[in-house]
Amino acid sequence: MTDQPASPTITGRPAFLFDADCGVCQNGTDAIRERINPPVDIVPWQMVDLAAWGVPEDAVHEGPVFVDTDGNQQIGPLGMANMLRRSRAPYRFMGSAMLAPGVRHLLGRIGPWMYRHRDRLPGSTPACSV
């Protein structure tokens, strides 16, 4: 086993990239794996070659990044919504609701604010403020 970053074609499934240094992000993705178990690879962005995945480094500092099998990417709440849409009910419906026009707009405003202030959320670590 090597320490090389994963390739985007390892499983052929979509990926949800998150910040493993952030306690809030780690706790959230642990809960997603345990409770929702979507058919998506949930991977710390620190463990992949972002350039090979076509993900700009700036993107992972704006929120979690969903990378679809066709290379399409969504950041933050839109990424979460697309991940949930691939899950079983009722999460699939929650993901679709998150993409509804009014909700999508609201989440587009709230998501970046939450990500910038995640160091104030329960479970945060000093790395969350970076």
> Can you give the % of DSSP beta bridges in the chain that are antiparallel, to the nearest 5?
Replying inline: 55
> Using modelled amide H (1.01 Å from N, peptide plane; none on Pro or chain starts), what sits under 5 Å from the amide H of Ile42, excluding residues fewer than 5 places away?
Replying inline: Phe16
>> Taking θ = phi - 60°, what integer Hz values does the Karplus form 6.51 cos²θ - 1.76 cosθ + 1.60 yield along the stretch 42-54, in sequence order, with x for Gly and Pro?
In response: 9, 10, x, 5, 5, 9, 10, 8, 4, 4, 5, 8, x
> Quick one: net charge of Pro77's neighbours, Cβ under 13 Å, K/R +1, D/E -1?
Replying inline: +2
> Based solely on its DSSP helices, what 222 nm [θ] is calculated for the chain when runs of n ≥ 4 H residues each add -39,500 (n - 2.57) and the sum is averaged over all residues, nearest 500 deg cm²/dmol?
Replying inline: -10500 deg cm²/dmol
>> Calculate log10 I(q)/I(0) of the chain for q = 0.11, 0.18, 0.22 Å⁻¹, where I(q) comes from the Debye formula with a single equal point scatterer on each Cα and nothing for solvent.
In response: -0.36, -1.02, -1.48
> Arranged from highest to lowest average of other beta-carbon atoms within 10 Å per residue, in what order do the peptides 45-54, 78-87, 93-102 appear?
Replying inline: 78-87, 45-54, 93-102
>> Once R0 is set to 30 Å, what does the formula 1/(1 + (r/R0)^6) return for the Cβ-Cβ distance between Ser96 and Ala51, expressed as a FRET efficiency to the nearest 0.05?
In response: 0.40
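Here, each number is a calculation from the coordinates, and none is a lab measurement. Just so we're clear, the structure is a prediction, and the values are computed from it rather than from any experiment. For neighbour counting, all protein chains shown are included, and Cβ atoms are generated from backbone atoms with ideal geometry for every residue, glycine included.
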